[in-house]
Amino acid sequence: SAVSTHSTHCSGTILGRGLLNPTARGMAPNAQLFSYNFSGNIQTEMAAGIPANNLVVSSHSYGSTQTCGLNGAGVTYSATSRATDINLNNFPFHLHCHSAGNSQAACTGGWSTITASGKSAKNNILVANITTAEVLSGSSSCGPVQDGRVKPEISAFGSSVFSTYPNNTYATISGTSMSTPGVAGSVTLLVQRYKQLNANALPPSTLIKNTILNTAHDLGNPGPDYRFGYGRINALEAVKILETNRYVLGTITTGNTNDMSLTVPAGAARLRVMLTWNDPAGTANANPALVNN
């Protein structure tokens, strides 16, 4: 595609090297980027691109304008959301990070304003936009999706973000498009750290998603909510889960049980336990969309 200011800005947040301006260095400056035209068939392109290029994360900062109501294309479990879940189940080491959208003003209170393009999928991470004061941006789209699932799942800095622009320049712009690549770059670092600790093996995307959500700094209403999700990303606490082996990977079949024991350190003030799995793709427009609840 032709050079885009928007995608160049997003790319710099993920992996800008900071060569011309060190303050604009991205989250994972040694990562490698493959770019795609979002107007194409994303799922088809990614089905070929993920195995060909060993892609561990994809950053999706696009979507249509949302109209008010729970029947909008962004909150129903659309055919694109189903295709996204199929993609994530076919490639369980890959994680999609999606922007929640900038349509909060479309509905009173901002509820159910998630924009379209597969964001209501079950196995991705949807990202809200907060300011440096950890206040939700007045444009950042809110949940719930049609069946009540929590969207967005995580919040990140996306207001007045300084990053790369075409022709060796920089610019400051805002939106969930800007918060999402920050999360995608953080995911890249977490995957790298897991590989360093596990003989270069790739982590399941469910584990990386788990570390991000379970260590988030809670904002808004106590616990997960439809504005901030689980809270503001805290990548330092997330990587500690990997470094201290505070996780268990396992499988289970329908109708059976799987008991696990947890050793809680002496003096611990709080225990947070999260179960995360890649849910099978539901049928398009299913309500509820969850197959395993």
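With all protein chains in place and a 1.4 Å probe, the accessible surface of the chain carries 53 percent carbon and sulfur.
What's the extension gain from Thr244 to Thr169 if we count 0.36 nm per residue and subtract their Cα-Cα distance?
Working: separation 75, 0.36 × 75 = 27.00 nm, distance 4.08 nm.
Extra length from Thr244 to Thr169 when fully extended: 22.9 nm.
Listed peptides 193-205, 46-58, 177-189 appear in the order 177-189, 46-58, 193-205 once ranked by packing, highest mean of other Cβ atoms within 10 Å at the front.
The slack in the chain from Phe162 to Gln196, taken as 0.36 nm per residue of separation less the alpha-carbon distance, amounts to 9.2 nm. About the centre of its Cα atoms, segment 75-226 shows a dipole size close to 340 debye [charges on the beta carbon of Lys, Arg (+1) and Asp, Glu (-1) only; nearest 20 debye]. The charge dipole of the chain, taken about its Cα centre with unit charges on the Cβ atoms of Lys, Arg (+1), Asp and Glu (-1) only, comes to about 320 debye. Distance from the Cα centroid of segment 127-150 to that of segment 254-293 is 23 Å (rounded to whole angstrom).
Given the DSSP H assignment, sum -39500 (n - 2.57) over each helix run of at least 4 residues in the chain and divide by its residue total; what's the result at 222 nm in deg cm²/dmol, nearest 500? Present the calculation step by step, with values, prior to reporting the outcome.
Numbers: 6 runs with 76 residues, N = 293.
It comes out at -8000 deg cm²/dmol, rounded to the nearest 500.
Working ranking of peptides 236-247, 88-99 by packing, defined as the average number of other Cβ atoms within 10 Å per residue, highest first, is 88-99, 236-247.
Roll a 1.4 Å probe over the protein chains and send me the accessible area per residue for the chain in Å².
Details: 14380 Å² over 293 residues.
Accessible surface, normalised per residue, equals 49 Å².
Sorting 153-163, 104-114 by average packing, meaning the other beta carbons within 10 Å per residue, from highest down gives 153-163, 104-114. In this structure, Leu271 and Leu189 have a Cβ-Cβ separation that, at R0 = 25 Å, corresponds to a calculated FRET efficiency of about 0.45.
Magnitude of the Cβ-charge dipole of segment 179-257, K/R +1 and D/E -1, about the Cα centre, nearest 20 debye? Before the final figure, lay out the partial values.
Working: 7 positive and 4 negative charges, 28 e Å.
Approximately 140 debye in magnitude.
When DSSP beta bridges are restricted to pairs lying wholly in the chain, around 40% turn out antiparallel.
The values are calculated or read from the model by the stated rules, or taken from the named source; none is laboratory data. No experiment lies behind these values; they were computed from the predicted model shown. As a convention, Cβ positions derive from the backbone with ideal geometry for all residues, glycine included, and neighbour counts pool all protein chains shown. Calculation scope for accessible area: heavy atoms of the full protein, side chains included, ligands and nucleic acids excluded. Shrake-Rupley method; radii C 1.70, N 1.55, O 1.52, S 1.80 Å.
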